[in-house]
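See structure below.
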Ligand code: PMP
């Protein structure tokens, strides 16, 4: 390779940088897409090519890529106090303010907020609190954790164990023992012909109860769920699902944890996905939209039942043996506070509700396309699932990589989306307007025809 290419950002990325969620050998051949700048809902690569980011990064850049107020909030806080820890009684004002604001906005009464730097860290903290809580109330054997197939909860060892996606387990010997997975509530592939959504939801709840009884209720500590599964392919649960599931969980004294890392802060059109889908969690994780991704910060909210039990236990054990250097970072908290202020000012939920039909309706109009098996979603999250045979719902052979090919064709048209297995997923910035949705839908429509022609 010539020297200029070797020393370009492309060449240096291949030489020096290993990428997460990437085929390393393929990366050596194709190299990176290097982004230099953000502009509203768009990002611009080093060659000046502009892309509408239909994924808001990784479901996170809710206010887009050039919000001056968020940059100013970070800068002002960095000048004033760039770092402060929260171990051993230490605090800072932005963190106190953010805790108060989050508790006021919580979907159900919550008692305390704890801060971390990522969604995975929030989920790990919640898993540890499930164990700690049950140990505190004298039931230390109640520590198995139930997640769901196709759920995504993060990449650390416990969060990846809770995740129900094989690519997060393969090669690592995961999940760890004690992590169980129930069926994904997939109305397209799981619901029987002629079965109502309510009946399907009841069937899933009965399966959950059977698992709890088989394992022994005295061993089951917690149940985690995303209100709408994101990375699993934007799976919207059937009518009545969380009501039915929670009835079972309460019966066996299993803690309920809502993972709002994607759904929180307006993405579904409600402030929290829990409100939209009837989840009443004991604990709630959030991240991503919390700071519109301008600074890494996440939070775990815990209710008073959990807090009171845990508080007694910390007194007995001489302190809470948990915490991160960057948990409660004042810059992250300042950026989050400004983000939440902006969401209120622009009425983010109202905007999502008003604009979602342009995305959801536009995509559903593609439902008759020969490649498309199912279109689903809510608010500003959606998925199109591809099939080889519409009537039989037969998936394409994975090696055809149909979703990836459509995603590549969409990118040629200046729109970024993400292929996840057999689906193409959508999660535009929450500031996207109708014209952006039209641009996304048109790019997909043209790309479907292009890939269909190639396949036939
Ligand atoms: N939970 C959910 C629902 C997520 O979507 C993600 C990230 N996509 C995580 C947890 C983990 O967050 P992070 O990547 O910030 O660790």
(message) Restricting to the stretch 162-185, count the residues that are over 19 Å from the mean Cα position of the chain (by Cα) and either in contact (Cβ under 8 Å) with a residue 60 or more places away in the chain or part of a loop (DSSP other than H, G, I, E, B) (or both).
(response) 9
(request) Go through the stretch 277-325 and count every residue that is closer than 25 Å to residue 234 by Cα and outside any loop (DSSP other than H, G, I, E, B). (result) 12
(message) If I ask for residues that are surrounded by 15 or more Cβ atoms within 10 Å (Cβ to Cβ) and within 20 Å of residue 193 (Cβ to Cβ), which ones from the stretch 370-410 would you list?
(response) 372, 373, 374, 375, 376, 385, 387, 388, 390, 395
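Can residue 239 be described as more than 30 Å from residue 429 (Cβ to Cβ), assigned by TED's automatic domain parsing to the domain that holds residue 158 and modelled with pLDDT of 95 or more?
On the way: more than 30 Å from residue 429 (Cβ to Cβ): no; assigned by TED's automatic domain parsing to the domain that holds residue 158: yes; modelled with pLDDT of 95 or more: yes.
It is false that residue 239 is more than 30 Å from residue 429 (Cβ to Cβ), assigned by TED's automatic domain parsing to the domain that holds residue 158 and modelled with pLDDT of 95 or more.
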(request) Restricting attention to the stretch 344-380, report how many residues are more than 28 Å from residue 272 (Cα to Cα) and not in a loop (DSSP other than H, G, I, E, B). (result) 2
(request) Tally the residues that are buried (at least 18 other Cβ atoms within 10 Å of the Cβ), out of contact with any helix residue (DSSP H, G or I) (no Cβ under 7 Å at 6 or more places or on another chain) and farther than 19 Å from residue 231 by Cα, restricting the search to the stretch 173-202. (result) 1
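Take residue 271 and tell me if it is within 16 Å of the ligand (Cβ to nearest atom) and in contact with a helix residue (DSSP H, G or I) (Cβ under 9 Å, 6 or more places away or on another chain).
No, not satisfied.
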(message) Out of the residues in the stretch 4-19 meeting the condition of being in a helix (DSSP H, G or I) and over 19 Å from residue 47 (Cα atoms), tell me which one is nearest to the chain's Cα centre (by Cα).
(response) 16
(message) Quick check on my filter: what residues within the stretch 132-158 are within 17 Å of the chain's Cα centre (by Cα), over 21 Å from residue 242 (Cα atoms) and surrounded by 19 or more Cβ atoms within 10 Å (Cβ to Cβ)?
(response) 154, 158
(request) Return the residue satisfying two criteria in turn: it lies in the stretch 210-219 and is part of a helix (DSSP H, G or I) and without any contact (Cβ under 8 Å) to a residue 40 or more places away in the chain, and of such residues it is nearest to residue 281 (Cα to Cα). (result) 217
(message) Restricting to the stretch 382-406, count the residues that are touching a residue at least 60 places away in the same chain (Cβ under 8 Å) and under 22 Å from the mean Cα position of the chain (by Cα).
(response) 4
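I'd like to check which helices (runs of 4 or more DSSP H) are fully inside the stretch 50-151 and have at least 1 residues that are under 28 Å from residue 383 (Cβ atoms). Step through it out loud before you land on a result.
Working: elements: 56-59, 68-80, 93-105, 119-136.
Fully inside the stretch 50-151 and qualifying: 56-59, 93-105, 119-136.
Going by the structure shown, is residue 22 assigned to a loop (DSSP other than H, G, I, E, B), in contact (Cβ under 8 Å) with a residue 60 or more places away in the chain and over 29 Å from residue 346 (Cβ atoms)? Don't jump to the end; show me each part of the working.
Details: assigned to a loop (DSSP other than H, G, I, E, B): yes; in contact (Cβ under 8 Å) with a residue 60 or more places away in the chain: no; over 29 Å from residue 346 (Cβ atoms): yes.
In short, no.
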(request) Check residue 3 against each of (1) at negative phi; (2) surrounded by 12 or more Cβ atoms within 10 Å (Cβ to Cβ) and name the one condition it does not meet. (result) (2)
(request) List the number of the failed condition for residue 222; all other conditions in (1) buried (at least 18 other Cβ atoms within 10 Å of the Cβ); (2) assigned to a loop (DSSP other than H, G, I, E, B); (3) within 16 Å of the ligand (Cβ to nearest atom); (4) over 18 Å from the mean Cα position of the chain (by Cα) hold. (result) (2)
(request) Test residue 383 against the criterion of being touching a strand residue (DSSP E or B) at 6+ places or on another chain (Cβ under 9 Å), at pLDDT 95 or above and not in a helix (DSSP H, G or I), and give yes or no. (result) yes
(message) Restricting to the stretch 233-263, name every residue that is within 16 Å of the ligand (Cβ to nearest atom), in contact (Cβ under 8 Å) with a residue 40 or more places away in the chain and within 22 Å of residue 196 (Cβ to Cβ).
(response) 234, 235, 236, 237
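Looking at the stretch 36-49, which of the residues that are in a strand (DSSP E or B) and surrounded by fewer than 19 Cβ atoms within 10 Å (Cβ to Cβ) is nearest to the ligand (Cβ to nearest atom)?
So the first thing to find is which residues in the stretch 36-49 are in a strand (DSSP E or B), and the list is 36-39, 42-45.
Then keep just the ones that are surrounded by fewer than 19 Cβ atoms within 10 Å (Cβ to Cβ); that gives 36-39, 44-45.
Values: 36: 23, 37: 23, 38: 19, 39: 24, 44: 24, 45: 23 Å.
Result: 38.
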(message) I'm trying to understand the selection: among the residues of the stretch 430-444, which are surrounded by fewer than 24 Cβ atoms within 10 Å (Cβ to Cβ) and farther than 16 Å from residue 366 by Cα?
(response) 431, 433, 434, 435, 436
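The values are calculated or read from the model by the stated rules, or taken from the named source; none is laboratory data. What you see is a predicted model; the values in this text were computed from it and never measured. For neighbour counting, all protein chains shown are included, and Cβ atoms are generated from backbone atoms with ideal geometry for every residue, glycine included.
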